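A short worksheet on the structure shown next.
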Amino acid sequence: KQEVTQIPAALSVPEGENLVLNCSFTDSAIYNLQWFRQDPGKGLTSLLLIQSSQREQTSGRLNASLDKSSGRSTLYIAASQPGDSATYLCAVGGNKLVFGAGTILRVKS
Amino acid sequence: DAGVIQSPRHEVTEMGQEVTLRCKPISGHNSLFWYRQTMMRGLELLIYFNNNVPIDDSGMPEDRFSAKMPNASFSTLKIQPSEPRDSAVYFCASSFVVGTGELFFGEGSRLTVL
């Protein structure tokens, strides 16, 4: 059974810092890995999707990497801003995505 | 383009009442998913459909829960009878499975059962 772990559970940083969120998974037989952002009281917004044959994806200040052999992914956020404050969730799988518990990020101005 | 549309956004009901949640997936998507989110258990997949056919309902907690997808543009999740422990946010999501499989979520339906 796939298990997804996200570390840290919460993170508070000053504005402008570069930061890394971690995601690990137990079963490397995945079709893709997706990072989401969730604001309080809102749905999940897709940030980046990495297919199993890919190593990384980039969108603006976000970069996500995937290492299937070690069962790890990282989400790198460059030059963090207060507007980046949200919960970030990692999900892995194929048709059935398994979600981690998320990392609550607070960027202080 | 319109995203995944869910209704109602909020529902407050009393124990024993029937609850129906509705979802319109993104046009052209052929997979639809119902998730439940709680503080204690996080996001849990309840059921998903491919081309309107239920593929895996192993996450449906018990027989009080049922889901249908009568056509490609509409799905319902029904709870009958509802119980206080069903209180949660229910999300619908859709994807185009032949493509990247990227999953898109609706805003959710917050259910409170008193």
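Since every read-out is calculated from the coordinates, none of them should be taken as a lab result. All values reported here derive from a predicted model rather than from experimental measurement. Here the Cβ is made from the backbone with ideal geometry for all residues, glycine too, and neighbour counts use every protein chain on show.
Observations on the structure shown:
- Burial ordering of B:Asp57, B:Asp63, A:Asp39, fewest other beta-carbon atoms within 10 Å first: B:Asp63, A:Asp39, B:Asp57
- Share of pairwise Cα separations in chain A, more than 24 Å, in percent: 18 percent
- Given in Å, the Rg to one decimal and the Dmax to the nearest whole number for the Cα atoms of the stretch B:69-114 are 13.6, 42.
- Residue exposure sequence - B:Lys24, B:Lys78, A:Lys108 - by fewest surrounding Cβ within 10 Å: A:Lys108, B:Lys78, B:Lys24
- Column: log10 I(q)/I(0), Debye, Cα scatterers of the protein assembly as shown, q = 0.08, 0.14 Å⁻¹: -0.29, -0.87
- Put the Cα centre of the stretch A:32-67 next to the Cα centre of the stretch A:1-25 and the gap is 13 Å.
- Over 20 Å (Cα to Cα) - which of A:Lys1/B:Lys68; B:Lys24/B:Lys78; A:Lys1/A:Lys96 fall in this group: A:Lys1/B:Lys68
- Arranged from fewest to most other beta-carbon atoms within 10 Å of their beta carbon, A:Arg37, A:Arg106 become A:Arg106, A:Arg37.
- Inter-chain neighbour count for A:30-38: the average number of beta-carbon atoms from partner chains within 10 Å of each residue's beta-carbon is 2.
- Our summary of shape: the Cα atoms of the stretch A:35-93 have principal axis extents of 34, 25, 16 Å, ordered from largest down, in whole angstrom.
- Here's the list of aspartates and glutamates a cross-link from A:Lys42 could span, going by alpha-carbon distance under 20 Å and ignoring same-chain residues fewer than 8 apart: A:Asp84, B:Asp1, B:Glu11, B:Glu44, B:Asp86, B:Glu102, B:Glu107.
- Computed on the Cα atoms alone, the convex hull of chain B gives a volume of 94 cubic angstrom per residue.
- Comparing B:Arg64, B:Arg36, B:Arg22 in a Gaussian network model of chain B where C-alpha atoms under 10 Å apart are linked, the largest mean-square fluctuation is found at B:Arg64.
- Whole-Å distance, taken between Cα centres, linking the stretch B:63-110 and the stretch B:9-45: 4 Å
- Each listed q (0.13, 0.25, 0.26 Å⁻¹) maps to a log10 I(q)/I(0) for the stretch B:6-72, found by the Debye formula over equal Cα scatterers with no solvent: -0.41, -1.35, -1.39.
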